Amino acid sequence: MKLFDEARSGAVRDAVHEVVATWPDVEAKPMMGCPGWRAKGALFASVIDQGVMLHTLPAEDRARVTSELGAQPFRPRPGRVVATWPVVPIAARHVSTLEPWLRRSYEAALVKAKTKAKAKTKAKAKPKKATARATARRKA
C-alpha cells in the first residue's frame, strides 16, 4: 500500500517543509516512502495522503489534536493502528495553522534525541568486565 502520492499530497509536503525547514537541527528525510522531518535524527513529522503525521507529540497533545483538529491514529494497513502517531487531515493552504503542533512534536523529538544520545554515551562509558582469560594474561 502506497502511503504518499506526489500528485495528491506534494503541495502539503511543500507547505510543511516551508514551516519546519528553518528550525535548528531539522533534516528532511523520507520514512516508509513518505516525506519526513527529523530533529537531530528523531522523526517528528511526515506527510501521507491522509494528512500530516505528528510522530512525537506527548499524550496530552495527541488528545488535543484529536479533539481540536480531528486527527485520527495512523493506520498503515487494515487491522494495524499506531495510536501514538496522529494524522491531521489538512489542505496545503492550512498547514500554517499546524505550526504550533509541529513545533511541539519537534521539541519532543529534540528531547528524545538528547535522551537517546545520553544513553548511548553512558553505554559507551561503561567499562567492560574483565574476563578470566584477560585477567590471567595481565597477571602473567
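The table that follows gives values for the structure above.
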| item | result |
| --- | --- |
| Estimated distance in nm for a label pair at H94 and M32, the labels positioned 7 Å out from Cα along Cα-to-Cβ | 2.3 nm |
| Residues K116, K2 arranged by fewest to most Cβ contacts within 10 Å | K2, K116 |
| Over 26 Å (Cα to Cα) - which of K2/K114; K29/K114; K2/K29 fall in this group | K2/K114 |
| Sorted by Cβ density within 10 Å, fewest first, the residues H17, H94, H55 | H94, H17, H55 |
| Dipole of the range 43-88 [Lys/Arg +1, Asp/Glu -1 at C-beta], most positive-end residue of A45, T84, T56 | T84 |
| Cα-based shape type of the range 1-127, given that a ≥ b ≥ c are square roots of the gyration tensor eigenvalues and the cut on a/c is 1.5 | prolate |
| Cα gyration tensor shape of the range 6-76, rounded if a/c is under 1.5, else prolate or oblate by comparing a/b with b/c | oblate |
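Values quoted throughout were computed directly from the atomic coordinates according to the rules given, and no laboratory measurement underlies them. Note that this is a predicted model, so its numbers are computed, not measured. Please note: Cβ atoms are built from the backbone with ideal geometry, for glycine as well, and neighbour counts cover all protein chains shown.
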